[in-house]
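The values are calculated or read from the model by the stated rules, or taken from the named source; none is laboratory data. Everything numeric in this text was worked out from a predicted model, so none of it was measured. Heads up, the Cβs are rebuilt from the backbone with ideal geometry, glycines too, and the neighbour counts pull from every protein chain shown. When the accessible area is computed, the model is the full protein with side chains, heavy atoms only, and any ligands, DNA or RNA have been set aside. Shrake-Rupley method; radii C 1.70, N 1.55, O 1.52, S 1.80 Å.
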Amino acid sequence: MEILKMTMDDYEAVYALWLKTAGIGLTDLDDGREGIEQFLKRNPNTCFVAREGERLVGVILGGNDGRRGALYHAAVEESERGKGIGTALTRACLEALRQEGVTRVTLAAYGHNESGNDYWERRGFVLRDDLMYRTKDLVQMETIKK
């Protein structure tokens, strides 16, 4: 297995993986080709894919504002889970963020995503119950439902 920086050449396989991964919320605007291309341009060193030969088996997106980082859309092919792929992707992303000067990383996971929340908790991510997470759409977005 290889951990590589994600490029737009990976997009179709990454998007297909996201679509079949429970617990990932996608929108046409943010997660469509143009949205991900913009994200990769802003974060060229902190987004990774895992490959077994030519087959894409995992992905993680990392972004930052220069001091705080955030992880997005981590996914591993269901048949490949338990092999350390998610851990390798997470380590690569966290190290890349650390090299960019990031001192804290956040992530959001749906409350009903038990396997995802368990994964992050086992890796030392602490649940914050003292914050209220809020969003505001600046443009109309289409949500992709599974």
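In whole percent, and with a 1.4 Å probe on the protein chains, what portion of the accessible area of segment 77-146 is carbon and sulfur?
Numbers: 2850 of 5850 Å².
On segment 77-146, the fraction of accessible area on carbon and sulfur atoms equals 49 percent.
Using a 1.4 Å probe over the heavy atoms of the protein chains, calculate the carbon and sulfur portion of the accessible area of segment 1-72 as a whole percent.
Values: 1740 of 3690 Å².
The nonpolar share, carbon plus sulfur, comes to 47 percent.
Given Cα pairs under 8 Å that are at least 6 residues apart, what percent is the relative contact order of the chain? Each step should come with its number before you reach the end.
Details: 197 pairs, mean separation 39.4, N = 146.
Relative contact order comes out at 27 percent.
Once both labels are modelled 7 Å past Cα along the beta-carbon direction, what's the residue 118-residue 135 spacing in nm?
With each label placed 7 Å out from Cα toward Cβ, I get 2.5 nm.
Here are some values of Cα extents along the principal axes in Å: (1) 42, 34, 31; (2) 44, 37, 32; (3) 76, 27, 26. Which one was computed from this structure?
Identified label for the calculated read-out: (1).
Using the Karplus curve 6.51 cos²θ - 1.76 cosθ + 1.60 with θ = phi - 60°, work out ³J(HN,Hα) for each residue of segment 20-26 in order, rounded to whole Hz, and write x for Gly and Pro.
Values per residue, Gly and Pro as x: 9, 9, 5, x, 9, x, 10 Hz.
Nearest 5 percent is fine: what portion of the DSSP beta bridges confined to the chain is antiparallel?
In the chain, DSSP labels about 80 percent of beta bridges as antiparallel.
Counting only protein chains, not ligands or nucleic acids, how are 123, 51, 81 ordered by accessible area (probe 1.4 Å), most first? Before the final figure, lay out the partial values.
Details: 123 80, 51 40, 81 115 Å².
Correct descending sequence by accessible area is 81, 123, 51.
Kindly sort 15, 110, 133 by accessible area of their heavy atoms, largest first, with the probe set to 1.4 Å. Don't jump to the answer; show the numbers that get you there.
Values: 15 40, 110 115, 133 180 Å².
So the residues, ranked largest to smallest area, are 133, 110, 15.
About its Cα centre, what dipole magnitude does segment 37-146 give when the only charges are +1 on Lys and Arg Cβ and -1 on Asp and Glu Cβ, stated in debye to the nearest 20? List each step's numbers first, then the result.
Working: 18 positive and 16 negative charges, 61 e Å.
That gives segment 37-146 a dipole magnitude of about 300 debye.
In the chain, if the dipole is taken from +1 on Lys/Arg beta carbons and -1 on Asp/Glu beta carbons about the Cα centre, which of 57, 86, 6 is farthest to the positive end?
About the Cα centre, the residue reaching furthest to the positive side is 86.
When ligands, DNA and RNA are left out and all protein chains stay put, how many square angstrom of accessible area per residue does the chain have with a 1.4 Å probe? Mind dumping the intermediate values first?
Values: 9650 Å² over 146 residues.
Ligands and nucleic acids excluded, the result is 66 Å² per residue.
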